[in-house]
Every structure is written in C-alpha cells, then in structure tokens.
1. Only residues of the range 291-314 count here: report those whose backbone N is under 18 Å from the spot 7 Å along Cα→Cβ of residue 242, or say none.
2. Report the extension gain between residue 181 and residue 31 in nm, rounded to one decimal, defined as 0.36 nm multiplied by the number of residues separating them, less their alpha carbon distance.
3. At a 10 angstrom cut-off on C-beta neighbours, averaged per residue, how do the peptides 256-269, 126-139, 19-32 rank from highest to lowest?
4. How much length is gained on full extension from residue 1 to residue 200, taking 0.36 nm per residue of separation minus their Cα-Cα distance?
5. Report the extension gain between residue 20 and residue 189 in nm, rounded to one decimal, defined as 0.36 nm multiplied by the number of residues separating them, less their alpha carbon distance.
6. Using a 7 Å offset from the Cα along the Cα-to-Cβ direction at both residue 230 and residue 208, what is the distance between the two label points in nm, to one decimal?
7. Looking at the chain only, what percent of DSSP beta bridges run antiparallel? Nearest 5 please.
8. Consider the candidate values (i) 131; (ii) 168; (iii) 178; state which one is volume of the Cα convex hull per residue in Å³ computed from the structure displayed.
Amino acid sequence: MSTNELMNSMVNPQPINVEEITGIKNRRILQPHENSLSAAVEAVNNCLKNSSYQPEDIDIVISGSISRTRVAGSQQHFDPALSLFIKKEVGLKNAIHFDVSNACSGMMTGVHFLSKMIQAGVVKNGIVVSGEQISTISETAAREIENPQDPQFGSLTVGDSGAAVILDGKGDADNKIDYIELTTCAEYSELCIGKPSQKTPGYALYTHNSEMHKKSRLMMWPMFQKELLHKQGRTFQGEDYDYIIQHQVGAKFVDRINALGEKAFEASMPQNINCLEEMGNTATTSHFIALHSHIQNNNLKPRTKFLLVPAASGLVTGCLSATISHLGAAA
C-alpha cells in the first residue's frame, strides 16, 4: 500500500505530505488470511533455509513482536505465548520457547537475551523472530485523525512484516556480535501507548511526537554508547563502523538523530542504511529487514561492521555492534 493510498482513505483528509516528511512511499500489508503468527512462521522457515540448521537442531525460539494475532481478524492473543505456536508450526520440537515484550525493540531484546544465554552455555543456538501485523493502527488512524496534532499521526508510517535470525556460538573474527547493550528510561513510557481505540473498534497508537523527539530524548543513544565505550577505553571513531541502522521511524528522524550523534561523538557517522521508502516503519523487525536487504543486495567486504541503534517507547535505547562478512553467517 502506498502512502498516498493510505492518505486518500482518511475520513478527514489532512493537508500534510506524509511521504515527503517521512520518506515512506510504500509499506506491506498482510492479506486477510494472514496474521502475526503466519508472518513469523514464514520468516523462520526462510531463515532455516538460509542456514545449516534443521528445525530439530534449534534449542530455543524467542518471539519479540508487538502484535500477537494468530487467527483471522485483529484479536490479540497473549497466552499461551506466540512462540509456542511458532514452535509447533515450524516443527522446532526440541526448542524451549518464550515471548518478550519491549515495544519496537522487542526483537533486539530477544537477540540480547539469546546472545547472553549462548555465552552462559544455557543453549547452543536459537532463533529470534517477530511477525508484525501493525497496519491495523494505520487503519484506525485513517478513520479517526481530525487534525495534524492528533497523537495517532505516527501510525500512518507503519507496515506489516516478518523477520527471523539464528544465533549460535560459532562466530569468528569475520562473523560475530561484537557487543549488544540496551537500557530503558521508564519515566517516558506514557509518551507512546498502544491500546484499544478510544473512539472506534480497533487498536490505536497514541504518540506524543513533539515530546518523544525532543533533543534530550534523542540524545539518550549517543550518551549511552559514549559512556559504554568510555568505560572500555574506546571511542566511537575507533570502532570503525562501516554502516549504521537507526530505527526506521522516518527519514527526518534518522537524519536528526545521526546529526546529534555526530556532535556527541565528535565523529562522522557511518553510511546510513534504511528500508523506509518501500517498507515503512516495521516496528520490531525494522533493523533486521534493513540489514537483510542491504546484505542481500550488496557484496560485503570481509569484516563489514554494522551498528544497529534501537529506539522504542519506554523509552528504550542502546547499541548492537555486529561484524558480518556474508548472508547466512553464523553470528
């Protein structure tokens, strides 16, 4: 669905060019027979096909999606865990499972947990997956938005998606997670809340964008990573990143947070990667879809270094540094 199509469906048309502001031209929408579960299952199956693993080899599956639909319609199911149904559908018969819920950083939180579990020797490998059916909030927004200050305006950026990644302990200098650290500042949690709509049937997302995107909030990432590196006697410039992937909220958001990062680190930002134009904001999967798309369409030099920067309501920030040399690499 194009942004123009979505804007033309609004009950109360608004004089704002969302495509120009966000850089989002299109987004993907799940079909009526599809849902969070089916998107997650397809992502896991594709992930396994690109790996050396069979379903029975997987020790754990972690689901980190915001949406948890598993039948036709938009009803959310929180218990039993969505990961249980993913496990059964794919045939991960030996895998333990659990869900994590951490807004748009849910999948990255799953990667954080799994990497620590592998380091601790609890499991040898695992899958982190997310299936997102979040276009329902854009449908609600199109019905209900009455003015440009409406807190649902951010919902016009989202698209549906599925992504999965396998981690194991076989990493080497060419393919590895260098480090991953996250932090949450819960005092800002009320700035972005998803819940049943206050006006019509369906789900809605209420975001106070002017507050969410204040300089003090956006500075959480560079200050967090700067302190993290300082404790290790390192600098941002010394990390020698090739690429950076910010949360895919919108082009101007990405430009602004990268500019603030340059000032804070006193260093140029790596080349930016995004999938905004054709995918939009895909919530928990955004970094991994952007990463996959880039690797799939480009020949990587050995030991290409990526920095993934989460941003989620809560507020959540942090950093994931990964060295990758080819698609399908064991991280």
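1. Under 18 Å, as judged by backbone N against the label point of residue 242, lie 291-309 of the range 291-314.
2. Once the chain is fully extended between residue 181 and residue 31, it gains 50.4 nm.
3. Going from most to least packed, we get 126-139, 19-32, 256-269.
4. 69.4 nm
5. That works out to 58.0 nm of additional length.
6. In this crude spin-label approximation the distance works out to 2.9 nm.
7. Roughly 65 percent of the beta bridges in the chain run antiparallel, per DSSP.
8. (i)
Read-outs: derived from the displayed coordinates by stated rules, not from any lab. All of these numbers come straight from a predicted model, not from anything done at the bench. As a convention, Cβ positions derive from the backbone with ideal geometry for all residues, glycine included, and neighbour counts pool all protein chains shown.
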